[in-house]
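A quick write-up on the structure given underneath.
The values are calculated or read from the model by the stated rules, or taken from the named source; none is laboratory data. Fair warning: this is a prediction, and the values are worked out from it, not measured in the lab. Virtual Cβ from ideal backbone geometry, glycine too; neighbours counted across all protein chains shown.
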Amino acid sequence: MARHERTTKDENDPSLRGQRGIGILETVMGLGILGFIGIAFLTAISTNSRAAKTLDDRATAERLAISQLEDIKNAPFDSTPPVEYAVTVTTPPEFQITVGTSVIGTGLHEVTVNVSRAGQPYFRLKDYKVDR
């Protein structure tokens, strides 16, 4: 009686001899690498989001200070002590503005606009108001 060997096409292909399928170790290593890349990507997105928020807050504080300073420069010059200028700019709830002045000389005031965020100093702008 003749004996028939059962072979598959892959067993006869010389380019595939000694090759086996992907094992559990390779699968776990691949998933680990993908997980590491995913965590790094999410961390980068989180950092970028925080940096964008900080930059946006800084730009808001700068715009508030510039607007307040422009309002002060457009107001009439007041030489009677104590020299005080009112806050005229409407701020978002988390920002506060304070204005400080000092008389430098006759017809010259140094004006400092401080912008705070959540009670912490955040941005300061100094300029001069001249009696013209």
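Each residue in the stretch 70-116 was checked for being surrounded by 14 or more Cβ atoms within 10 Å (Cβ to Cβ) and touching a Pro at 6+ places or on another chain (Cβ under 9 Å), and 3 pass. When the stretch 92-116 is examined, which residues are found to be at pLDDT below 90, touching a strand residue (DSSP E or B) at 6+ places or on another chain (Cβ under 7 Å) and outside any strand (DSSP E or B)? If the condition is that a residue be at pLDDT below 90, touching a strand residue (DSSP E or B) at 6+ places or on another chain (Cβ under 7 Å) and outside any strand (DSSP E or B), then 107 is the only one that fits. Tally up the residues in the stretch 117-132 that are of a type in the set (Asp, Glu) and either surrounded by 17 or more Cβ atoms within 10 Å (Cβ to Cβ) or assigned to a loop (DSSP other than H, G, I, E, B) (or both), please. Qualifying residue count, the stretch 117-132: 1.
Within the stretch 34-91, track down each residue that is part of a helix (DSSP H, G or I) and either among the acidic types (Asp, Glu) or in contact (Cβ under 8 Å) with a residue 60 or more places away in the chain (or both). Outline the logic, then answer.
Taking the stretch 34-91 and keeping what is part of a helix (DSSP H, G or I), we get 34-74.
Answer for the stretch 34-91, where residues must be part of a helix (DSSP H, G or I) and either among the acidic types (Asp, Glu) or in contact (Cβ under 8 Å) with a residue 60 or more places away in the chain (or both): 56, 57, 58, 61, 62, 65, 70, 71.
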